[in-house]
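The values are calculated or read from the model by the stated rules, or taken from the named source; none is laboratory data. Here the structure is a predicted model, which means the values were calculated and not measured. A quick note on method: Cβ atoms are made from the backbone with ideal geometry, for glycine too, and the neighbour counts reach across all protein chains shown. With ligands, DNA and RNA removed, areas are computed over all heavy atoms of the protein, side chains included. Shrake-Rupley method; radii C 1.70, N 1.55, O 1.52, S 1.80 Å.
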Amino acid sequence: MSIVAIVGRPNVGKSTLFNRLIQRREAIVDSVSGVTRDRHYGKTDWNGKEFSIIDTGGYVKGSDDVFEEQIDKQVELAIDEADAIIFMVDVEAGVTGMDEDVANLLRRQNKPVFLVVNKVDNAMREENAVEFYSLGLGDYYTIAGISGSGTGDLLDALVEVLPDKPEVEENILPRFAVVGRPNAGKSSFINALIGQDRYIVTDVAGTTRDAIDTKYNRFGFEFNLV
Ligand code: GDP
Ligand code: MG
């Protein structure tokens, strides 16, 4: 199945769009910056085409945030595995230095990028969105993730570029769950198994707030790690 990743700095509305697409409140949506530190996977479809969607943590550069470096890696991981990337920015805040950094990263790779200007709740904001041409990524889509306005046009264009991938029977894959109290080392253990920094591991208790499914292919076997 094709994979679409939503990237962008914290608080632009990535999780709001993600939740709308998967139609359940899976990712944590919060007005506090940087709440979604990890990646969340969901499944959705549009015009009969199914795809996986990844909600990534924010990208915090030049801050003293303990998560800075790890979040950075999350974006690069998304660039690696996604077939298309939604790069979300926020018309309320305008163009920020962090947006420019992400834009620089995205211009240096070949995956299709959809620049999405979020929080366009009214006509005035539609006009303000033109400043995002300065990111050098060409045309953009204006949406309001909160109401869903504009998301239809975005999805029409998005599924156009997604490759047709053969269906895999994902529900027949075995699922393994790693459980334990916060800070016991669950995420580090999974990282050691997968060999990727997919989970953010810090010594702040409760970093990984939600259960995360990871499709795992090692040693010739496919399964899901939860
Ligand atoms: P993330 O950090 O990028 O995942 O952002 P969130 O999805 O957590 O949203 C951050 C804040 O922006 C929340 O308070 C949302 O309610 C708000 N938000 C999201 N979409 C919209 C929108 O279309 N319009 C407005 N006005 N606010 C929005
Ligand atoms: Mg989020």
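For region 85-186, please list each of the helices (runs of 4 or more DSSP H) lying entirely inside it that holds at least 3 residues being over 16 Å from L21 (Cα atoms) and in contact (Cβ under 8 Å) with a residue 40 or more places away in the chain.
Ranges flagged: 97-107.
Taking L77 as the residue in question, decide whether it is surrounded by fewer than 20 Cβ atoms within 10 Å (Cβ to Cβ), touching a Lys or Arg at 6+ places or on another chain (Cβ under 9 Å) and not in a loop (DSSP other than H, G, I, E, B).
Details: surrounded by fewer than 20 Cβ atoms within 10 Å (Cβ to Cβ): yes; touching a Lys or Arg at 6+ places or on another chain (Cβ under 9 Å): yes; not in a loop (DSSP other than H, G, I, E, B): yes.
Yes.
Against the condition farther than 25 Å from Y41 by Cβ, of a type in the set (F, W, Y), away from ligand 2 (no atom under 16 Å from the Cβ) and open to solvent by 50 Å² or more (accessible area, probe 1.4 Å), how does Y140 come out, does it pass?
No.
Return only the number of the condition from (1) more than 15 Å from W46 (Cβ to Cβ); (2) within 20 Å of the chain's Cα centre (by Cα); (3) modelled with pLDDT of 65 or more that F176 does not satisfy.
The single condition F176 does not satisfy is (2).
Quickly run through region 1-41 and pick out the residues that are modelled with pLDDT of 80 or more, open to solvent by less than 10 Å² (accessible area, probe 1.4 Å) and more than 10 Å from ligand 1 (Cβ to nearest atom).
S2, V4, A5
Mind counting the residues in region 86-115 that are of a type in the set (V, I, T) and within 16 Å of ligand 2 (Cβ to nearest atom)?
Number satisfying all stated conditions: 3.
Of the residues N122, N118, N110, which single one is in the same structural domain as V7 (by TED's automatic domain parsing) and farther than 27 Å from M1 by Cβ?
Answer to the selection: N122.
If you go through region 91-135, how many residues are modelled with pLDDT of 95 or more, under 17 Å from the mean Cα position of the chain (by Cα) and open to solvent by less than 10 Å² (accessible area, probe 1.4 Å)?
Looking only at that region, the number is 4.
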